[in-house]
1. Would you check which residues across segment 92-144 are assigned to a loop (DSSP other than H, G, I, E, B), touching a residue at least 40 places away in the same chain (Cβ under 8 Å) and closer than 21 Å to ALA211 by Cβ and list them?
2. Which ones in segment 313-326 are at pLDDT 75 or above and surrounded by 20 or more Cβ atoms within 10 Å (Cβ to Cβ)?
3. Counting only residues that are of a type in the set (A, V, I, L, M) and over 19 Å from PRO170 (Cα atoms), how many does segment 77-121 have?
4. Which number in (1) surrounded by fewer than 23 Cβ atoms within 10 Å (Cβ to Cβ); (2) closer than 18 Å to VAL159 by Cβ; (3) small (Gly, Ala, Ser) marks the one condition that GLY260 misses?
5. Among the residues of segment 181-199, are any crowded, with 22+ Cβ neighbours inside 10 Å, assigned to a helix (DSSP H, G or I) and either aliphatic (A, V, I, L, M) or more than 38 Å from the chain's Cα centre (by Cα) (or both)?
6. Condition first: farther than 16 Å from PHE160 by Cβ, modelled with pLDDT of 90 or more and of a type in the set (Val, Ile, Thr). Can you find one or more residues in segment 91-109 that meet it?
7. With the requirement that a residue be crowded, with 19+ Cβ neighbours inside 10 Å and part of a helix (DSSP H, G or I), what does segment 268-282 give you?
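The values are calculated or read from the model by the stated rules, or taken from the named source; none is laboratory data. Keep in mind it's a predicted model, so treat the numbers as computed, not measured. Glycine also receives a Cβ, built like all others from the backbone with ideal geometry; neighbour counts cover every protein chain displayed.
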Amino acid sequence: MGLFSRREPVADNATTSTAPSSAPVVGNGHHHANGKQHGPVYSGALNKRPPFGQWLTVTWPDILTMALMGAIGLGVYQADPAPSRSFPVFFSDGEIVYPQFAYPMRNEIVPIWAAAMIASLVPIAVFFIVQIRIRSFWDMNNAVIGLLYSLIVAAVFQVFLKWLIGGLRPHFYAACKPNVPTSGAQTGNGLSSIMYDRSVCTGDASDINDALESFPSGHSTAAFAGLVYLSLYLNAKLKLAANYHPAMWKLIAIMAPLLGATLIAGALTIDEFHNWYDVVAGATIGSLMALISYRMVYAAVFDFRFNHVPLSRFVPFTYGAGGEAMQLFAGFHDAVWTRQVGWGAPDMFDAFGGAPGDASALSGGAGAGAAGTSTGYGNGLGGAAKTGHAVDRRPVGGHHKDHHHTAAAAAPPPPPENMV
């Protein structure tokens, strides 16, 4: 049984059941040590690993698009800078006009290939570690696909800006090695004939091309595209900004990728490869791509109720509104790392309602009280009416002795053929 295989409960997929069972269940059904099942058994039809052929049928448009975008990005990266940029060098008295572009050429502290490897391989390694507990093929699939969306689109975005806009690196003059008079009459053009183009440069052509493409920072773009995405993923799986008080180590785990991205970007101003505004632009592009890409493959970005749920290409997620499609997604109730305050139990799918950002679903005690209980309080529950169930007032980890479920869910529809 592989890493992404899930041991399903022994139950008829056409119905849901609340009958106790002594069999150990991992995944879509939860059994405690006393043999009592925690919550109904759902089919979880969308959370089953498909054969390779069916997976390829679903994913091949993305694979083809990624290959095309990668080829386009590589071609633009290899092209010479498009604009013919003019720049001043010396005043008539020999003073350098822009000393901020006269720094010496140095080796990069973090080479671009290292930044790209960190931004891609570190998140993928974390995704695999998280699967030790989650064991969901589609969670791993969506996490990796979304990461590639972010990295590839951000890379193509920034290489087009470098090619068409560019800018002078802090070591531009050292790479250019201009051959112009340092005193006497100026030989350039523009006002007082102090402006020149790259024709006065005597340095290596590849160094000159690179020194003309400072904006935006490719290192910063890649680092933030990959590591901001990882931070969003960890926030969803650890439920840091959620409906309970998490441990401090979760804050550290989620902020560590952001620290790494900032260090990679900041190093570029130390080795004089980028100006501060190049770094800010790259970080903005990478962060924006990470946010959009994560939302493409998961049901929310910051809404803690849904941001751990992988989305399907063919079945819409109904955001706690119930219905047949919601039953198909019920297999993702435990696609989280944390198991505190009920996270990982089927109840969470029934208890949270409303669309992302819908404050009415987080009304607290009023919602829980309306569900027929007297012990509900402001915890974010109360989206769906439930009978005989309340959040335990005892410390985290305790279980109410009368904890039970009386509602039976309708039979879920068969999943789409290419998703099972």
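1. Kept after step one, since they are assigned to a loop (DSSP other than H, G, I, E, B), are these residues of segment 92-144: 92-95, 97-98, 102-111, 135-136.
Restricting the remaining residues to those that are touching a residue at least 40 places away in the same chain (Cβ under 8 Å) gives 92-94, 97-98, 102-110, 135-136.
Of everything in segment 92-144, those that are assigned to a loop (DSSP other than H, G, I, E, B), touching a residue at least 40 places away in the same chain (Cβ under 8 Å) and closer than 21 Å to ALA211 by Cβ turn out to be VAL97, TYR98, ALA102, TYR103, PRO104, MET105, ARG106, ASN107, GLU108, ILE109, VAL110.
2. Within segment 313-326, the subset at pLDDT 75 or above is 313-319.
Result: PHE317, TYR319.
3. Initially, segment 77-121 is screened for residues of a type in the set (A, V, I, L, M), giving 79, 82, 89, 96-97, 102, 105, 109-110, 112, 114-119, 121.
Still in the list and also over 19 Å from PRO170 (Cα atoms): 79, 82, 114-119, 121.
Selection size over segment 77-121: 9.
4. Against the list (1) surrounded by fewer than 23 Cβ atoms within 10 Å (Cβ to Cβ); (2) closer than 18 Å to VAL159 by Cβ; (3) small (Gly, Ala, Ser), GLY260 comes up short only on (2).
5. Of the residues in segment 181-199, the ones crowded, with 22+ Cβ neighbours inside 10 Å are 196.
From what is left, the residues that are assigned to a helix (DSSP H, G or I) are none.
There is no residue in segment 181-199 that is crowded, with 22+ Cβ neighbours inside 10 Å, assigned to a helix (DSSP H, G or I) and either aliphatic (A, V, I, L, M) or more than 38 Å from the chain's Cα centre (by Cα) (or both).
6. Within segment 91-109 (the criterion being farther than 16 Å from PHE160 by Cβ, modelled with pLDDT of 90 or more and of a type in the set (Val, Ile, Thr)), the answer is yes, since at least one residue qualifies.
7. Across segment 268-282, the qualifying residues are LEU268, ASP278, VAL279, ALA281, GLY282.
Rundown of residues vs (1) touching a helix residue (DSSP H, G or I) at 6+ places or on another chain (Cβ under 6 Å); (2) surrounded by fewer than 16 Cβ atoms within 10 Å (Cβ to Cβ), yes/no style:
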residue	(1), (2)
TYR98	no, yes
ARG106	no, yes
ILE109	yes, yes
MET117	no, yes
LEU121	no, yes
PHE128	no, yes
ARG133	no, no
MET140	yes, no
LEU147	yes, no
